[in-house]
């Protein structure tokens, strides 16, 4: 691992950090750096700071997990993909560029891990049966309060009628709050293409709302 070779301090910290991530253990935070931007923390992590990466882990673990659950369809698979994504990000920090949004870079890795997982498991997103599709987004809000019922119904419908790209684009744009430019980076599309995907996704949902209120 490149980071391990830079300093003696980095060696021990790097091994403990990646080991914790691989075990699915949330790294212990000490505090004090939470006001730093994610990009600044990424630069510190590149310089050998395991603590900076731990804070990035703490900052993005939940939102990344939610996104990967939409793609994977189950909490267990999302757990595994989340850990794989953070381990891969840690091991390839040297490829990150400060001009990039760290969250976009991380979500891009996550999406690639999910796509690879689908191919390896021989169950690409388009091959999922209807029952599995119904769970993709509905599970995300399964424990929500009654006041969230409308939101739950909408994502439940999205899980059944939208394509994987449409689902991903909607989730990143409206659930995670990414800009259309950042969504484009994650999906590997142009910004104009993402706008078209979002428009078609919204139109398709609107067409189904009246006939499928569940």
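Quick notes on this one:
- Odd one out for residue 95 among (1) within 30 Å of residue 157 (Cβ to Cβ); (2) at pLDDT 90 or above: (1)
- Matching residues in region 42-52 - criterion: being buried (at least 22 other Cβ atoms within 10 Å of the Cβ) and closer than 14 Å to residue 105 by Cα: 42
- Qualifying residue in region 37-45 (condition: at pLDDT 90 or above, over 21 Å from residue 116 (Cα atoms), more than 21 Å from the chain's Cα centre (by Cα) and assigned to a helix (DSSP H, G or I)): yes
- Within the set 24, 32, the sole residue that is outside any helix (DSSP H, G or I), modelled with pLDDT under 80 and under 20 Å from residue 92 (Cβ atoms) turns out to be 24.
- Of all residues in region 103-114, none are closer than 28 Å to residue 193 by Cα, modelled with pLDDT under 85 and part of a helix (DSSP H, G or I).
- If the condition is being outside any helix (DSSP H, G or I) and at pLDDT below 65, then region 142-169 contributes 142, 143, 144, 145.
- Filter result for residue 177 (assigned to a helix (DSSP H, G or I) and either farther than 26 Å from residue 84 by Cβ or at pLDDT 70 or above (or both)): no
The values are calculated or read from the model by the stated rules, or taken from the named source; none is laboratory data. Bear in mind that the values here come from a model prediction, so they are computed numbers and not experimental data. Note: ideal-geometry Cβ built from the backbone for every residue, glycine included; neighbour counts use all protein chains shown.
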